[in-house]
Amino acid sequence: MSIVREQGVKSATSALWLRHCPQQPRAAIITLHGGRAEDYQTSQPWHLAALRMRPILRAAASAMPLDDLVLAHVRYRHRGWNQDDPLNDTYRALSELQEIAGPVPTVLIGHSMGGRAALRAASHPQVHSVLALAPWLPPGEPVMQLSGKRAVVVHGERDRVTSPHASADYVKQSRAAGARAGIMLIRDGDHPMLRRSGLWHRTVATVVTDLLRPDEQPSSLTAASYAATTPLLL
């Protein structure tokens, strides 16, 4: 499936990079790429972390007809987390989305540092749910912003950059805070999502489809992850 690139929807100061925007959207999907703990270098769309999210967005785009769906990336000012920089950029992007498309339910999909930012940004009223891929979750990450929201974490079993165990602990804490949360592990999966990439992409498509359904399907993969007491191994 190809993604239509709209003209005139990205400026030097915009935090929202629109890839597709129909006239009357019913929902939105926004991706957030990874980065570094500290780095004030300008983030560029040709950096590997940003390129990594392009097939993820294409996979997620199968969740609904394109005529109903806004597709976009968050455009970071800097490559690093620094002082919550990507989180603040995400808030700006969500505000821009609201101006363009109205209060449509929005799924955030973040990888690594972007997963941390996406989970934090769940406090924004525009955010309906979050899919965090191999998120970077340092000790003490807040979870109360996920109360009443849906969140799914997908982590590679053999990730050596961010911790699958930290993700599992985070999901437990999120559930205690009132989130509908689940976790899945990609067997033999790595941090860049290259090993078993097809399964990563299929899982993204399935989970986003589930998250955008108006009514939860009890038999869905996502519902199974909510109910599981241990991570689902895919």
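The values are calculated or read from the model by the stated rules, or taken from the named source; none is laboratory data. Because the structure is a prediction, the values reported are computed rather than measured. Cβ sites come from the backbone with ideal geometry, for glycine too, and all protein chains shown count toward neighbours. Quick note on the areas: whole protein, heavy atoms, side chains included, nothing else; ligands and nucleic acids left out. Shrake-Rupley method; radii C 1.70, N 1.55, O 1.52, S 1.80 Å.
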Can you name the residue in segment 67-103 that is assigned to a strand (DSSP E or B) and under 23 Å from GLY34 (Cβ atoms) and is also most open to solvent (accessible area, probe 1.4 Å) among such residues?
HIS78
Checked segment 161-195 for anything under 22 Å from HIS128 (Cβ atoms) and assigned to a loop (DSSP other than H, G, I, E, B); matches are ALA177, GLY178, ALA179
Exactly one condition in (1) at pLDDT below 95; (2) open to solvent by 20 Å² or more (accessible area, probe 1.4 Å) is not met by SER14; state its number.
(2)
Checking ARG158 against (1) free of Cβ contacts under 8 Å to residues at least 40 places away in the same chain; (2) not in a loop (DSSP other than H, G, I, E, B), which single condition isn't satisfied?
(2)
Go through segment 154-183 residue by residue and tally those that are touching a Pro at 6+ places or on another chain (Cβ under 6 Å) and of a type in the set (A, V, I, L, M).
2
Reported set for segment 196-227 where residues are in a loop (DSSP other than H, G, I, E, B) and crowded, with 17+ Cβ neighbours inside 10 Å is ARG196
All but one of (1) within 27 Å of LEU137 (Cβ to Cβ); (2) modelled with pLDDT under 90 hold for GLU6; which doesn't?
(1)
Any idea which residue in segment 18-36 is most open to solvent (accessible area, probe 1.4 Å), counting only those that are in a loop (DSSP other than H, G, I, E, B) and closer than 17 Å to ILE100 by Cβ?
GLN23
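Would you mind stating whether GLY182 is closer than 22 Å to ALA50 by Cα, touching a Leu at 6+ places or on another chain (Cβ under 9 Å) and buried (at least 22 other Cβ atoms within 10 Å of the Cβ)?
Values: closer than 22 Å to ALA50 by Cα: no; touching a Leu at 6+ places or on another chain (Cβ under 9 Å): yes; buried (at least 22 other Cβ atoms within 10 Å of the Cβ): yes.
Answer is no for this residue.
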